[in-house]
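This report refers to the structure that appears directly beneath it.
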Amino acid sequence: MCIYTMALARTDPRLGERLERLTGAAAACCEPEYRSLTEEIRQSPGFRARWLRAQVLADESRFLTMELLQRRKELCACEIQAALGVTHATVSHHMHALLKAGLVSAERRGKWVYYRRVRAPGRKARRGGR
């Protein structure tokens with residue numbers, strides 16, 4: 001038994017069989033290709049930033065905040081607090097995560113902090129309606 005087949009057997013004894021049925025090739029041949037592709041994706045430019053954005057948006061409150069900002073373009077922290085029904089500290093925590101991920105921008109005006117969505121890199125602005 002080769003090293004790759006032994007590694008597959010440790011992971012899931014049936015995985016090798018499924019890969020062979022799916023690809024028509026020996027699992028020992030295609031499994032390293034899949035692992036290599038995964039590593040290539042991990043090392044690609046922008047992967048870490050995209051992963052961070054996905055993690056940040058996995059929280060319902062932060063996702064809702066982004067949806068609110070899509071509809072209202074700009075909101076003060078107290079408006080976000082009222083919309084979500086959470087404390088000021090919780091809003092601050094969520095907005096810090098969104099800022100760190102590059103999804104929103106913040107502008108202080110006197111006592112108030114206003115937040116806006118940041119257009120995703122490489123995406124064109126929408127025309128009309130929104």
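We did not get these values from a lab; they are worked out from the coordinates using the rules stated. Since the model is a prediction, treat every value here as computed from it, not as a measurement. Methodologically, a virtual Cβ is constructed for each residue, glycine included, from the backbone with ideal geometry; neighbour enumeration extends over all protein chains shown.
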Exercise. Which net charge results for the neighbourhood of residue 47, defined as the other residues with beta-carbon distances under 12 angstrom from its beta-carbon, given Lys and Arg at +1 and Asp and Glu at -1?
Worked result: +2
Problem set entry | Potential lengthening between residue 106 and residue 67 on full extension [0.36 nm per residue; Cα-Cα distance subtracted] | 12.4 nm
For this session: Give me the orientation-averaged projected area of the Cα convex hull of the range 49-117, in nm², one decimal.
Result: 4.1
